[in-house]
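*Asks:* Sharing a structure below in structure tokens format, with a few things to ask.
The values are calculated or read from the model by the stated rules, or taken from the named source; none is laboratory data. Here the structure is a predicted model, which means the values were calculated and not measured. Every residue, glycine among them, receives a Cβ derived from its backbone with ideal geometry; neighbour counts consider all protein chains shown. What goes into the accessible areas is simple: the full protein's heavy atoms, side chains included, and nothing from ligands, DNA or RNA. Shrake-Rupley method; radii C 1.70, N 1.55, O 1.52, S 1.80 Å.
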There are 2 protein chains.
Amino acid sequence: MIGLTPTQAAVLAFIEDRLDSHALPPTCREICARFGYKSPKAASDHLVALEHKGFLARDPMRARGIRLLKPRGIPVLGTIAAGLPADSLASRDHQLAIDPAVFGIKDRSNAFALRVQGDSMEGRSIFDGDIVMLESGATPRHESVVAALIDNESTLKTFLRRDGKTWLRAENPRYPDLIPAWDLQIQGVARAVIRHLPP
Amino acid sequence: MIGLTPTQAAVLAFIEDRLDSHALPPTCREICARFGYKSPKAASDHLVALEHKGFLARDPMRARGIRLLKPRGIPVLGTIAAGLPADSLASRDHQLAIDPAVFGIKDRSNAFALRVQGDSMEGRSIFDGDIVMLESGATPRHESVVAALIDNESTLKTFLRRDGKTWLRAENPRYPDLIPAWDLQIQGVARAVIRHLPP
DNA sequence: GCAACAACTATACATCCGTTTAGCAATGAT
DNA sequence: ATCATTGCTAAACGGATGTATAGTTGTTGC
């Protein structure tokens, strides 16, 4: 009863995909076409289950009357204790409801965000409390701001490329100025800095 | 042929409203119900006209197959030459596709954005090229960042309230430090700072 | 073994929905 | 005066859509 079965999770993921690509939730028969079902009742049953478990609400007797209840957004990962960002995606505490396509991130599954702690990037005008949206799997350029995994902690650094060699420059005196970039986990390339000014 | 008739503009506005409130475009008959039409052909005709004029695209034979082509966003007003932000809304050159509700702006018609020029707000860590999202009609608090109209030019200032009197503090040496805030046009209160890092 | 549940198939129904055909009234341009 | 455009009504068609009924298969828990 609690939690989603693999099939239900797949249907929910398909609905989310369609909202990304077509901006419209799918119909029952479009769900059937995606999964090869031969009866619309199959998709309808999954929607009933997803609604009963609180993942979506339906407008009865309305075409495409599906509304997702858990709002979709970009996961905001605070200080990452260990592992890749993908591992921390499960703990979706905070979500940033901004379309990553605004900042040139085409695949939203590669987008994540970090809340900046401390003055690691004062030199690049990124300050404590700012939120940085990053793209994982992207290739950084010279002087790109990247999130790097050092000592099991994720910190922002400036990526440098010179004479075919790559370095990371820390903008914080607590870290050494230059760190070789190979053998390091670069988790993502920063695409935007967002600062919310509370009223 | 060029431009929208008042009726067509009303239908387009209704579609935009429905996308905001229900996240789904309306059906032809829902448009009829809104405007009192007694035949679905009336709404269908308007959709054909709006499609022909390039404001939307339709998925034929699909329920709610309406996609807006001109993406909705927050107007980005550069340096405002004169007048209120509302006057400049007509020149929607750039649009910021970020939902203002993320930053606590409930009514999106009150949201607008400014691209920061110069170092007017270095003291508040807002730099040249940053985009500031603002809310018009809001009441600023002590030390809120506001856009004020001075000498027919829109600039960012810090709003100060002390002993019942209100002042504006410029964070740029080119302007006087303190300006009385009454008799001045405060165009909006800054809610967020956004910096796009190009790849 | 048996009940409960998940995950479907097959068929069917009533409604929803986009579209078509035909026509009317008002307006403005040629 | 005539024609084109806009903005609708009326009626209807067929595909699209959500839902219901009845049944099948396999898995899990007791």
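*Asks:* From the set of residues in region B:1-48 that are of a type in the set (S, T, N, Q) and within 6 Å of DNA strand D (Cβ to nearest atom), which is nearest to the other protein chains (Cβ to nearest Cβ)?
*Replies:* Going through the qualifying residues, I end up with B:Ser39.
*Asks:* Does region A:39-47 include one or more residues that are open to solvent by less than 60 Å² (accessible area, probe 1.4 Å), at pLDDT 95 or above and assigned to a loop (DSSP other than H, G, I, E, B)?
*Replies:* So far as region A:39-47 goes, yes, one or more of its residues are open to solvent by less than 60 Å² (accessible area, probe 1.4 Å), at pLDDT 95 or above and assigned to a loop (DSSP other than H, G, I, E, B).
*Asks:* Mind checking which residues of region B:187-199 are within 14 Å of chain A (Cβ to nearest Cβ) and either basic (Lys, Arg) or under 22 Å from B:Pro100 (Cβ atoms) (or both)?
*Replies:* Within region B:187-199, B:Gly188, B:Val189, B:Ala190, B:Arg191, B:Ala192, B:Val193, B:Ile194, B:Arg195, B:His196, B:Leu197 qualify.
*Asks:* Also, I was wondering about something else. Please list, ordered by residue number, the strands (runs of 3 or more DSSP E) wholly in region A:107-199 having 3 or more residues that are polar (S, T, N, Q).
*Replies:* Passing ranges, in order: A:153-162.
*Asks:* Next question. Just checking, does region A:174-186 include any residue being in contact with a helix residue (DSSP H, G or I) (Cβ under 8 Å, 6 or more places away or on another chain) and either farther than 21 Å from B:Gly129 by Cα or facing another protein chain (nearest Cβ under 9 Å) (or both)?
*Replies:* Looking for residues that are in contact with a helix residue (DSSP H, G or I) (Cβ under 8 Å, 6 or more places away or on another chain) and either farther than 21 Å from B:Gly129 by Cα or facing another protein chain (nearest Cβ under 9 Å) (or both), one finds none in region A:174-186, hence no.
*Asks:* Follow-up. Residues that are β-branched (Val, Ile, Thr) and closer than 30 Å to A:Arg141 by Cα: does region B:164-184 have at least one?
*Replies:* No, every residue in region B:164-184 fails to be β-branched (Val, Ile, Thr) and closer than 30 Å to A:Arg141 by Cα.
*Asks:* Right, here's the next one. When region B:4-38 is examined, which residues are found to be in a loop (DSSP other than H, G, I, E, B), under 21 Å from the mean Cα position of the chain (by Cα) and farther than 26 Å from A:Leu19 by Cβ?
*Replies:* B:Leu4
*Asks:* If you take the residues in region A:51-95 that are outside any strand (DSSP E or B), surrounded by 15 or more Cβ atoms within 10 Å (Cβ to Cβ) and of a type in the set (Lys, Arg), which one is modelled with the lowest pLDDT?
*Replies:* My answer is A:Lys53.
*Asks:* Exactly one of these conditions fails for B:Glu30: (1) modelled with pLDDT under 95; (2) over 21 Å from B:Leu96 (Cα atoms); (3) among the acidic types (Asp, Glu). Give me its number.
*Replies:* Every listed condition holds for B:Glu30 apart from (1).
*Asks:* Would a scan of region B:100-116 turn up a residue that is modelled with pLDDT of 90 or more and acidic (Asp, Glu)?
*Replies:* Looking for residues that are modelled with pLDDT of 90 or more and acidic (Asp, Glu), one finds none in region B:100-116, hence no.
*Asks:* Quick check on my filter: what residues within region A:107-133 are over 26 Å from B:Gly123 (Cα atoms) and either open to solvent by less than 10 Å² (accessible area, probe 1.4 Å) or over 19 Å from the mean Cα position of the chain (by Cα) (or both)?
*Replies:* Hits for region A:107-133 are A:Ala111, A:Phe112.
*Asks:* Using the structure shown, decide if A:Ala170 is under 27 Å from B:Ala192 (Cβ atoms) and either open to solvent by 50 Å² or more (accessible area, probe 1.4 Å) or over 24 Å from the mean Cα position of the chain (by Cα) (or both).
*Replies:* Spelling it out, it is not the case that A:Ala170 is under 27 Å from B:Ala192 (Cβ atoms) and either open to solvent by 50 Å² or more (accessible area, probe 1.4 Å) or over 24 Å from the mean Cα position of the chain (by Cα) (or both).
*Asks:* Another question, if that's okay. If you check A:Arg62 against the conditions, is it within 8 Å of DNA strand D (Cβ to nearest atom) and within 11 Å of another protein chain (Cβ to nearest Cβ)?
*Replies:* Yes: the conditions hold for A:Arg62.
*Asks:* Under 9 Å between Cβ atoms, which residue pairs at least 6 apart in sequence (or on different chains) link something in region B:39-53 that is under 16 Å from B:Ala10 (Cβ atoms) and free of Cβ contacts under 8 Å to residues at least 12 places away in the same chain with a partner that is outside any loop (DSSP other than H, G, I, E, B) and near DNA strand D (Cβ under 8 Å from one of its atoms)?
*Replies:* Between residues of region B:39-53 that are under 16 Å from B:Ala10 (Cβ atoms) and free of Cβ contacts under 8 Å to residues at least 12 places away in the same chain and residues that are outside any loop (DSSP other than H, G, I, E, B) and near DNA strand D (Cβ under 8 Å from one of its atoms), the close pairs are B:Ala42/B:Cys32; B:Ala42/B:Phe35.
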